[in-house]
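For reference, the structure discussed in these notes is given below.
The values are calculated or read from the model by the stated rules, or taken from the named source; none is laboratory data. All of these numbers come straight from a predicted model, not from anything done at the bench. Positions of Cβ are backbone-derived with ideal geometry, glycine not excepted, and every protein chain shown enters the neighbour counts.
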């Protein structure tokens with residue numbers, strides 16, 4: 001069960017009003033639409049898949065989970081509750097652990113879960129799932145000894161640790177010749193292998209590497225200077241869950257706009273995981289700049305007078 005905080009929807013409504021949103025179902029999608037919102041209303045649960053428990057997206061605690069993904073999931077839960085009809089029970093957020101990326105995606109594909117957040121975008125996944133608006137962006141890089149600069153030439157003959165079925169594994173395989181790859185089932189396994197010295201190079205998204213650098217390899221550096229690829233990070237739902245997709249986009253849009261508008265609670269929630277005092281170290285202006293770009297391409301918001 002996720003940690004419960006003050007409902008973000010209440011906070012976000014103070015700072016912005018949604019005018020136009022969001023991603024609609026694919027025009028050529030002939031799959032019968034199942035209203036996940038209605039399922040959540042009937043069951044009283046928004047079922048989220050948790051893949052790993054690594055910062056900044058997820059942190060396991062004695063009471064459940066926290067992290068940037070759960071800031072977003074709780075905003076979606078609050079939006080679902082705001083859309084509930086009179087007399088309907090409140091929707092709660094429940095979690096299911098996945099052993100690895102593929103089994104987590106299969107839970108959503110099969111309808112055993114509704115949503116997963118903190119998932120990097122890939123065109124291959126887009127064929128089977130729908131992505132929400134992104135709430136973060138990252139690049140594919142490596143955590144490496146200072147003698148390796150991360151360029152393809154410096155990686156020749158090296159063994160690179162990757163998380164199986166991850167975007168990083170695919171990107172590096174397509175961009176680096178004459179290197180071998182060692183796959184690990186989970187992010188925790190990959191970080192553990194780096195810490196123990198079983199591998200000396202680990203590829204992944206920059207946010208994940210930065211957040212776990214001090215714990216896994218404090219003397220290493222994140223390379224190269226320019227990422228191999230950049231990817232947005234958002235939530236994914238099944239292709240037949242258009243109603244949940246729309247609700248999620250509204251919730252994420254409001255959350256991002258609240259941050260841009262300087263809402264204290266929204267900034268506190270997000271900055272705890274990627275802000276200046278976190279391991280990621282992004283400034284308020286850097287985060288706001290990215291959120292403005294996301295909002296400019298997908299939605300229009302108007303500050304509340």
- [ ] Could you please find all residues in segment 123-138 being in a loop (DSSP other than H, G, I, E, B) and within 13 Å of the chain's Cα centre (by Cα)?
- [x] 132, 133, 134, 135
Task: Any hit, segment 62-85, residues being assigned to a loop (DSSP other than H, G, I, E, B) and modelled with pLDDT under 70 - done: no
Task: Residue list for segment 32-61, filter: out of contact with any helix residue (DSSP H, G or I) (no Cβ under 6 Å at 6 or more places or on another chain), within 22 Å of residue 277 (Cβ to Cβ) and at pLDDT below 90 - done: 53, 60, 61
Task: Residues being within 20 Å of residue 74 (Cα to Cα) and in a helix (DSSP H, G or I) - total across segment 108-122 - done: 1
Task: Residue selected from segment 192-211 under the condition in contact with a helix residue (DSSP H, G or I) (Cβ under 7 Å, 6 or more places away or on another chain) and at pLDDT 95 or above, by the criterion surrounded by the fewest Cβ atoms within 10 Å (Cβ to Cβ) - done: 195
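With surrounded by fewer than 22 Cβ atoms within 10 Å (Cβ to Cβ) and either farther than 22 Å from residue 131 by Cβ or free of Cβ contacts under 8 Å to residues at least 40 places away in the same chain (or both) as the only criterion, which of 175, 165 stands out?
Details: 165 fails: either farther than 22 Å from residue 131 by Cβ or free of Cβ contacts under 8 Å to residues at least 40 places away in the same chain (or both).
175 is the lone residue from the list that is surrounded by fewer than 22 Cβ atoms within 10 Å (Cβ to Cβ) and either farther than 22 Å from residue 131 by Cβ or free of Cβ contacts under 8 Å to residues at least 40 places away in the same chain (or both).
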Task: Residues satisfying the stated conditions in segment 122-152, i.e. without any contact (Cβ under 8 Å) to a residue 12 or more places away in the chain and either outside the structural domain of residue 289 (by TED's automatic domain parsing) or buried (at least 21 other Cβ atoms within 10 Å of the Cβ) (or both) - done: 147
TODO: Filter segment 91-104 down to residues that are in contact with a strand residue (DSSP E or B) (Cβ under 7 Å, 6 or more places away or on another chain) and in a helix (DSSP H, G or I) and give me whichever is nearest to residue 75 (Cα to Cα).
DONE: 104
Open item on the list: Is it the case, given these coordinates, that residue 165 is out of contact with any strand residue (DSSP E or B) (no Cβ under 8 Å at 6 or more places or on another chain) and farther than 27 Å from residue 252 by Cα?
Closed with: no
Open item on the list: If a residue must be under 16 Å from residue 148 (Cβ atoms) and not in a strand (DSSP E or B), how many such residues does segment 219-249 contain?
Closed with: 7
